[in-house]
Amino acid sequence: MKRTIAALCATTALALPTASWSADLEVTHWWTSGGEAAAVSEFAKAFNEQTEHNWVDGAIAGSGGTARPIIISRILGGDPMHATQLNHGRQAEELVEAGLMLDLTDIAEAEGWADVVNPVRLLDACTLDGKVYCVPVNIHSPQWLWLSHDAFAKAGVDVPADWFEFVEAAPALRDAGLVPLAMGQQSWQTSLAFGALMVAVGGTDLYIDVLTNKNADAAASEDMTKVWEAYAAARLLSEGSNVNDWNQATNLVITGQAGGQIHGDWAQGEFQVAEQVAGEDYTCLPGLGVNEIIATGGDAFYFPKQDDPAIEAAQKEMASLMISQEVQVAFNLKKGSLPIRGDIDLSAANDCMQKGLAILAAGNVLPDGVNSFSADTAGQIDDLTVEFWNDTSITVEDAQARYVDIIASAD
């Protein structure tokens, strides 16, 4: 049965129109890989089936780095979409401050989002000056090592249990004609690997001290030097991984052409589309198998302000639906991410998702870097890590010195 605005009024006590009408809502996002498309289709299906409205898909190929500038440009240029994916955190902060995003506080309070979002910091990241401006839809953690059983069988070595064993097995993979570490050429992928290595090699205290406390002394420490050294080793392990998109790199692991990939839990969606089984065809190691801990970043949907009150009502219906129990289960099982609700049953989750759920339940979580730095500071760090990855003439000492300067002036 479709969810009408009248039904929404009954459940949330909102004073919205009760007449039957339909609206076409354009939704922009950058979910275009096989696993991502399967997941976002669950949102579209629920919206089309459970409301009187229509989901008009506005997928933008090329990942977030390509999509975000387009999304922001449209909003600032007076041509806003009706809903858009962004990462919850500080990416939309200036848009919210400019009054360009719809305030969702009324439905957030009526539906008790603060009581069900886990960890609550995900809702805090959607909140500015006490008002809620986005709906978090998943928990994505980037600190995973994905390993191909077929590749290690070809190399005649056991599947590694952590990053350090992976590095030790790399020569055997090379001798077997395989690429040890699959890595796409998009800059955000190498930046992601840097953050993952920071947790695994540097440890959680270092991660928090640098990213949360913005401690330049910690950035200059010996522990941070070890992180840069591991990052330097990783760039050599990726030589021969001549692909661009992240899902192409994941496919190298799926097809046994590469030993592993440092990537987020959304890679799991690609393994599922390929009908591979966790624990049999591939292994997933949260925290790269060293520190079983995850950073709780992820995706959220914002709703740019519109002039039509009826459209605004439909936007709120979409927000309510996205965070509902049924839709959270359907979406996240296909996305490979963890749900943002702590009150739903995910017994059908596979081995990798169960690992993530156990870590979340134990409280072994870290704030994501996207919630720590301004866009300017984050951009400076990304530029540095990408330049280092692509230019082997840059030494660890030089890179770390530049990193320290960035952290010292971080905002």
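The values are calculated or read from the model by the stated rules, or taken from the named source; none is laboratory data. Values in this document were obtained by computation on a predicted structure and should not be read as measured data. Every residue, glycine as well, gets a Cβ built from its backbone with ideal geometry; the counts of neighbours run over all protein chains shown. Calculation scope for accessible area: heavy atoms of the full protein, side chains included, ligands and nucleic acids excluded. Shrake-Rupley method; radii C 1.70, N 1.55, O 1.52, S 1.80 Å.
With a cut-off of 20 Å, note down the residues of region 146-190 whose backbone N falls inside the zone around a label point 7 Å from the Cα of Asp383 toward its beta carbon.
Taking a point 7 Å out along Cα→Cβ of Asp383, the residues of region 146-190 whose backbone N falls under 20 Å are 186-190.
Which of Leu76, Leu384, Leu360 moves most in a GNM of the chain, Cα contacts under 10 Å?
Of Leu76, Leu384, Leu360, the most mobile in the Gaussian network model is Leu76.
Take every DSSP beta bridge with both residues inside the chain and express the antiparallel ones as a percent of the total, to the nearest 5.
Among the beta bridges of the chain, antiparallel pairing accounts for roughly 60 percent.
In this model, which of Lys131/Lys316; Lys131/Lys355; Lys131/Lys305; Lys335/Lys355; Lys214/Lys355; Lys226/Lys334 are farther than 25 Å apart at the alpha-carbon?
Lys131/Lys355; Lys214/Lys355; Lys226/Lys334
If the cut-off is 13 Å between C-alpha atoms, which aspartates and glutamates fall inside it for Lys45, apart from same-chain ones fewer than 8 positions away?
By straight Cα distance, Lys45 reaches Asp57, Glu326.
Once Lys and Arg get +1 and Asp and Glu get -1 on their Cβ, which of Ala232, Pro69, Ile344 lies farthest toward the positive end of the dipole of the chain?
With unit charges placed on the Cβ atoms, the residue in question is Ile344.
Relative contact order of region 314-411: what whole-number percent is it, with Cα pairs under 8 angstrom and at least 6 residues apart?
Details: 39 pairs, mean separation 18.2, N = 98.
Here the relative contact order equals 19 percent.
What do you get for the angle between helix 163-175 and the principal long axis of the chain? Use alpha-carbon atoms, 0 to 90 degrees, nearest ten.
60
Return the calculated 222 nm mean residue ellipticity for the chain, to the nearest 500 deg cm²/dmol, obtained by summing -39500 (n - 2.57) across DSSP H runs with n ≥ 4 and dividing by the residue count.
Roughly -14000 deg cm²/dmol at 222 nm, from the helical runs in the chain.
Using the Kirkwood formula on the Cα atoms of region 209-249, what hydrodynamic radius do you get, in angstrom to one decimal?
When all Cα pairs of region 209-249 are included, the Kirkwood radius is 12.3 Å.
With the full set of protein chains in place, find how many percent of the accessible area of the chain is carbon and sulfur; take the probe as 1.4 Å.
Of the solvent-accessible surface of the chain, carbon and sulfur hold 48 percent.
Considering the dipole of region 341-388 built from charges on the beta carbon (Lys and Arg +1, Asp and Glu -1) around the Cα centre, which of Val386, Ser372, Ala358 is farthest to its positive end?
The listed residue farthest towards the positive side: Ala358.
What number results when the radius of gyration of region 167-293, computed over Cα atoms, is divided by 2.2 N^0.38 Å?
Details: Rg = 15.2 Å, N = 127, 2.2 N^0.38 = 13.9 Å.
Here the Cα radius of gyration is 1.09 times the empirical estimate.
Taking the Cα centre of the chain as origin and charging only Cβ (+1 Lys, Arg; -1 Asp, Glu), how large is the dipole, in debye to the nearest 20?
Dipole magnitude for the chain comes out near 540 debye.
Would you mind calculating the relative contact order of region 102-258 from Cα pairs under 8 angstrom and at least 6 residues apart, reporting the percent as a whole number? Write down the numbers at each step before the final one.
Numbers: 162 pairs, mean separation 40.7, N = 157.
Relative contact order here is 26 percent.
Which percent of the Cα-Cα distances in the chain go past 27 Å?
50
Along the charge dipole of the chain, pointing to its positive end and built from +1/-1 on Cβ of Lys, Arg, Asp and Glu, which listed residue (Val199, Ala182, Ile254) has its Cα farthest out?
Ile254
What angle do you read, to the nearest 10 degrees and between 0 and 90, between the alpha-carbon axis of helix 325-335 and the longest principal axis of the chain?
Taking the Cα atoms of the chain, the angle to 325-335 is about 30 degrees.
Report, to the nearest 10°, how far helix 187-197 tilts away from the longest principal axis of the Cα atoms in the chain, using its own Cα long axis and a range of 0 to 90°.
So the inclination is approximately 70 degrees.
Tell me the label-point distance for the pair Asp217, Asn364, using the 7 Å Cα-to-Cβ offset, in nm and rounded to one decimal.
2.9
What percent does the relative contact order of the chain come to when contacts are Cα pairs within less than 8 Å and at least six residues apart?
Values: 757 pairs, mean separation 104.7, N = 411.
Relative CO of the chain lands at 25 percent.
Classify region 232-297: rounded, prolate or oblate, from the alpha-carbon gyration tensor (a ≥ b ≥ c, eigenvalue square roots; a/c under 1.5 rounded; otherwise prolate if a/b is larger than b/c)?
Oblate, because a/c is 1.5 or more while a/b does not exceed b/c.
Compute the Cα gyration tensor for region 253-411, then decide on rounded, prolate or oblate, letting a ≥ b ≥ c be the square roots of its eigenvalues: rounded whenever a/c is under 1.5, prolate when a/b is larger than b/c in the other cases, and oblate in all that remain. Intermediate values should be presented prior to the final figure.
Working: a/c = 2.05, a/b = 1.20, b/c = 1.72.
Taking the square roots of the gyration eigenvalues as a ≥ b ≥ c, region 253-411 is oblate.
Return the distance in nm (one decimal) between the two label points of a simple spin-label model at Asp162 and Asp351, each offset 7 Å from Cα along Cα→Cβ.
About 2.0 nm separates the two model spin labels.
For the chain, what is the accessible area per residue in Å², given a 1.4 Å probe and the full set of protein chains?
Result: 38 Å² of accessible area for each residue.
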